[in-house]
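Scroll down for the structure; my scribbles are underneath it.
The values are calculated or read from the model by the stated rules, or taken from the named source; none is laboratory data. Quantities reported herein were computed from a predicted structural model and do not represent experimental measurements. Cβ placement follows ideal geometry from the backbone for every residue including glycine, while neighbour counts extend to all protein chains displayed.
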Amino acid sequence: MNGSDDTKTVLRRAAAVVRENYYGVLGTIDPTGPWTAVVAVFPTESGELLFTSPGRTRHGTAVLQDARAAMVIFDSKAVGGDAESLQMSGTVDVLPLVQSNAEKLVAARRYRGRSVALDRSTVEQVLNRAGYAIFRFTAKDSYVLDQDAYHENGYDARQSVDGLLAVAHAARSLRLETEQKVRP
């Protein structure tokens, strides 16, 4: 590992990227070539990133043919050496619209401060009516920017991190923050 960051520090940085940024850029591949799209991501405590999208979008149909995908989460307003990102390769699959998956999505959305009034049955109705699906991104290889290399040498480098663990830490942190806000 480059620089002075130890594994725990790199993990905390990666979790902070997920916690502080609501969107990721999803990359998929289909017979016409590569495709990227911005998706609102909702981290789960099991380390997955959930997102919803119409099932007939280009990336929606692409993952049915080839589950391989990439995602980057970053602060698009950061300048130069202040940039942080979590870059991941992995897979995307479509979750069935069953109670447990709808509840998982409702919880993840709630921790992001979104749709608190939505319950499981409402989510199922909205997704079914609009032709939306719940997608799950699962990271296999993940990296954060190596800030020390950038500041010391002026070049772009990466540090390996456990993406599943980073996402899980971010989700747990968001859940705890939400629970604290609800307490009297």
Notebook entry, point to check: Which one is nearest to L97 (Cα to Cα), of the residues in segment 22-64 that are touching a helix residue (DSSP H, G or I) at 6+ places or on another chain (Cβ under 6 Å) and of a type in the set (F, W, Y)?
Noted result: F42
Notebook entry, point to check: Can you tell me which residue in segment 128-152 is modelled with the lowest pLDDT, limited to those that are in a helix (DSSP H, G or I) and of a type in the set (A, V, I, L, M, F, W, C)?
Noted result: A130
Checklist line | Single residue of segment 66-85 satisfying the filter (at pLDDT below 95, on the phi < 0 side of the Ramachandran plot and not in a loop (DSSP other than H, G, I, E, B)) that is farthest from the chain's Cα centre (by Cα) | finding: G81
Note to self: Suppose we filter segment 51-65 for residues that are within 11 Å of W35 (Cβ to Cβ) and either assigned to a helix (DSSP H, G or I) or not β-branched (V, I, T) (or both); how many remain?
What the structure shows: 6
Checklist line | Scan of segment 160-172 for residues that are at pLDDT below 90 and buried (at least 17 other Cβ atoms within 10 Å of the Cβ), ordered by number | finding: A171
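For residues in segment 174-184 being surrounded by fewer than 18 Cβ atoms within 10 Å (Cβ to Cβ) and assigned to a helix (DSSP H, G or I), which is nearest to the chain's Cα centre (by Cα)?
The residue in question is R175.
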